[in-house]
Amino acid sequence: MELKVGDSFKCPEGHEATIVWISEDKKVVAVRCPQKHLGKVRKVADHTKPTLPYRHQPMTERQIYLKNMVFLIEI
Ligand SMILES: [Zn+2]
């Protein structure tokens, strides 16, 4: 199957994504997906108790969703 830039391709999470780059040996493609993905869960300082020294601040987790992520996929 011949793929080219602009074709639709499934992102790793199964959404409809668009091919934005193809490697010269056609073994890797980059696809950009317009759907939201969970990027990472980042530990952030909880600033609700600002009187505590920084290292004693409780940490809270924040989920970060990213749109238009680009994935490299081996084909
Ligand atoms: Zn996706």
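The values are calculated or read from the model by the stated rules, or taken from the named source; none is laboratory data. Quick caveat, the model's predicted, so the values are computed rather than measured.
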Checklist entry - Right, Glu74: under 17 Å from the mean Cα position of the chain (by Cα), modelled with pLDDT under 95 and among the acidic types (Asp, Glu) or not? => result yes
Checklist outcome for this item: Considering residues that are in a loop (DSSP other than H, G, I, E, B) and closer than 12 Å to Ile75 by Cα, the number found within the range 13-33 is 4
